[in-house]
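Here the structure is laid out as structure tokens; the discussion comes afterwards.
The values are calculated or read from the model by the stated rules, or taken from the named source; none is laboratory data. Everything numeric in this text was worked out from a predicted model, so none of it was measured. Glycine also receives a Cβ, built like all others from the backbone with ideal geometry; neighbour counts cover every protein chain displayed. Just the protein is used for accessible areas: all its heavy atoms, side chains included, with ligands, DNA and RNA removed. Shrake-Rupley method; radii C 1.70, N 1.55, O 1.52, S 1.80 Å.
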Amino acid sequence: AKYIAKDSKGAINVTLVEASKRYYTCFFSNLYLGGVRNYGSIGHNYYGLAVNHGVNLVHEWANSVDTAAKKVNLGSGASVSYDKLVISPGIDLKYDSINGYSADVQSRMPHAWKSGTQVQLLKSQVLKMKKGGTFVIVTPPNPYRCPPGPYERISMIAHQFKKTNPTAKIVVLDPKNKFSKQGLFMEGWQKHYPGMIEWINAETHGGIKNINADKMEFETDLDTFKADAASVIPAQKAGAIAMSAGVNKGDWCPIVPSSMQSQADENIYVLGDASIAKSMPKSGFSANSQAKVAANHIRGSLTGSKIFDARYSNTCWSLVATNDGIKVGASYKSGPEKIDKTSGFISKKGEDSDVRKATYEESLGWYSGMTSDMFS
């Protein structure tokens with residue numbers, strides 16, 4: 001919204017439909033869980049977009065998209081017409097992907113995988129957990145929002161337990177047999193939280209057969225695990241408005257690699273977690289990079305300005321412990337069929353503490369710069 005409005009210099013009328021008046025970032029919410037940041041520090045408002053860039057803010061739910069009439073239907077009954085529509089709805093959760101989990105029991109076992117107050121609920125449960133108790137976390141199957149995110153969450157909950165509940169245990173029931181930055185995380189867990197974290201992969205536990213939220217029990221082929229507190233992150237899919245617009249193919253939305261246009265409708269662009277961006281992970285950095293490609297293409301399509309070749313980038317930082325940051329990232333270009341990776345990097349095991357501290361400080365600079373880019 002910001003880049004279309006400011007770079008078109010008033011030639012394009014830009015409306016942002018967003019139900020919430022304040023946005024709490026999913027990125028860095030794990031640092032809040034770990035006691036590294038306060039909740040207010042990850043909250044942002046949209047006023048800068050209106051005041052500084054002339055974006056028209058509509059704080060309502062977008063209920064559906066009428067692609068034939070080219071309008072978005074709002075919860076109030078009103079509608080907003082468009083020439084070009086950007087859909088960036090993030091994820092919805094597939095509660096029924098785990099037997100026994102549902103929206104009705106999410107308050108007992110918070111997923112905290114969407115922006116909002118669930119992360120506050122999860123932190124409260126972490127802090128109130130009995131001394132020496134067991135915290136169980138169920139991580140999601142691929143593909144999902146923020147590949148390293150569940151494992152940073154594990155690290156930050158362990159970081160909190162180390163201070164307030166040092167005999168607590170964390171059991172990780174993973175539906176996968178490997179995960180992002182696995183070697184780096186496991187090295188960090190052994191170094192900072194020895195004996196606290198037990199990661200059990202799908203091959204070992206044989207699958208989660210049922211969750212009993214009343215008894216706080218997780219039944220697997222291996223054993224039934226009893227939790228004193230828990231976080232369950234189910235499988236995911238594109239946000240519902242993408243389904244309404246008919247730009248999905250199954251759970252996610254195919255896009256044109258050079259523009260982020262939907263393959264189903266050239267007047268709709270799908271960004272971020274909801275899109276099938278192939279090599280690019282579902283991350284906040286990815287979404288921001290994709291947004292700038294889409295903004296350039298929209299400006300060019302509507303005003304005749306130059307459309308540049310698509311270039312994308314991503315970096316995912318994770319905090320393992322105090323001043324122990326790790327990262328992974330890559331650069332990408334649009335190929336004829338998909339977004340292709342052109343180069344990449346990842347932190348190394350055994351890095352010096354000064355390097356890890358610098359990586360963490362780099363993430364702080366990124367957060368400040370990213371949120372300023374988004375909201376001011």
Problem set entry | Lone qualifier among ASP83, ASP104 - being out of contact with any Leu (no Cβ under 7 Å at 6 or more places or on another chain) and acidic (Asp, Glu) | ASP104
Exercise. When you scan the range 142-165, how many residues do you find that are part of a helix (DSSP H, G or I) and open to solvent by less than 10 Å² (accessible area, probe 1.4 Å)?
Worked result: 10
Exercise. Out of all the residues in the range 130-141, which are outside any strand (DSSP E or B) and polar (S, T, N, Q)?
Worked result: THR139
For this session: Answer yes or no as to whether THR315 is in contact with a helix residue (DSSP H, G or I) (Cβ under 8 Å, 6 or more places away or on another chain) and either under 16 Å from VAL256 (Cα atoms) or of a type in the set (Val, Ile, Thr) (or both).
Result: yes
Exercise. If you check every pair at least six apart or on different chains, which have Cβ atoms under 7 Å apart with a residue in the range 308-331 that is under 12 Å from PRO281 (Cβ atoms) first and a residue that is open to solvent by 40 Å² or more (accessible area, probe 1.4 Å) and among the small types (Gly, Ala, Ser) second?
Worked result: SER313/SER331; GLY329/GLY344; ALA330/SER343; ALA330/GLY344
For this session: Kindly list the number of the only condition in (1) small (Gly, Ala, Ser); (2) within 19 Å of the chain's Cα centre (by Cα); (3) surrounded by fewer than 20 Cβ atoms within 10 Å (Cβ to Cβ) that fails for ALA238.
Result: (3)
For this session: Taking GLY300 as the residue in question, decide whether it is in contact with a strand residue (DSSP E or B) (Cβ under 9 Å, 6 or more places away or on another chain) and either open to solvent by less than 50 Å² (accessible area, probe 1.4 Å) or closer than 23 Å to ALA62 by Cα (or both).
Result: no
For this session: Could you tell me whether LYS114 is without any contact (Cβ under 8 Å) to a residue 60 or more places away in the chain and at negative phi?
Result: no
Exercise. How many residues, within the range 40-71, are crowded, with 16+ Cβ neighbours inside 10 Å, without any contact (Cβ under 8 Å) to a residue 60 or more places away in the chain and of a type in the set (Ser, Thr, Tyr)?
Worked result: 0
Exercise. Restricting the search to the range 87-111, which residues are closer than 25 Å to VAL17 by Cβ and either charged (D, E, K, R) or free of Cβ contacts under 8 Å to residues at least 24 places away in the same chain (or both)?
Worked result: ASP92, LYS94, ALA103
For this session: Go through the range 84-104 and give me each residue that's under 22 Å from the mean Cα position of the chain (by Cα), of a type outside the set (Lys, Arg), farther than 18 Å from ALA295 by Cβ and open to solvent by 30 Å² or more (accessible area, probe 1.4 Å).
Result: ASP92, TYR95, ASP96, SER97, SER102, ALA103
Exercise. Restricting the first residue to the range 357-376 and requiring it to be farther than 19 Å from ASN30 by Cα, which pairs with a second residue that is surrounded by fewer than 19 Cβ atoms within 10 Å (Cβ to Cβ) meet a Cβ separation below 6 Å and a spacing of at least six or different chains?
Worked result: PHE375/HIS44; PHE375/GLY48; SER376/GLY48
Seminar exercise, completed: Flagged in the range 16-39 as open to solvent by less than 50 Å² (accessible area, probe 1.4 Å), over 18 Å from the mean Cα position of the chain (by Cα) and either within 19 Å of TYR367 (Cβ to Cβ) or of a type in the set (Ser, Thr, Tyr) (or both), in numbering order, are GLY35
Problem set entry | Scope the range 72-83; condition in contact (Cβ under 8 Å) with a residue 40 or more places away in the chain and open to solvent by 60 Å² or more (accessible area, probe 1.4 Å); matching residues | ASP83
Exercise. Just one of ASN267, ASN323 is surrounded by fewer than 23 Cβ atoms within 10 Å (Cβ to Cβ) and under 30 Å from LYS131 (Cβ atoms); which is it?
Worked result: ASN323
Problem set entry | Members of the range 120-167 that are among the β-branched types (Val, Ile, Thr) and within 20 Å of TYR360 (Cβ to Cβ) | ILE154, ILE157
Exercise. Do we find that ILE268 is touching a Ser or Thr at 6+ places or on another chain (Cβ under 7 Å), at negative phi and either of a type outside the set (A, V, I, L, M, F, W, C) or free of Cβ contacts under 8 Å to residues at least 40 places away in the same chain (or both) in this structure?
Worked result: no
For this session: Would you check which residues across the range 107-129 are open to solvent by 40 Å² or more (accessible area, probe 1.4 Å) and assigned to a loop (DSSP other than H, G, I, E, B) and list them?
Result: SER107, ARG108, LYS114, SER115, THR117
Problem set entry | Residue satisfying all of: in the range 179-206; hydrophobic (A, V, I, L, M, F, W, C) and in a helix (DSSP H, G or I); most open to solvent (accessible area, probe 1.4 Å) among these | MET186
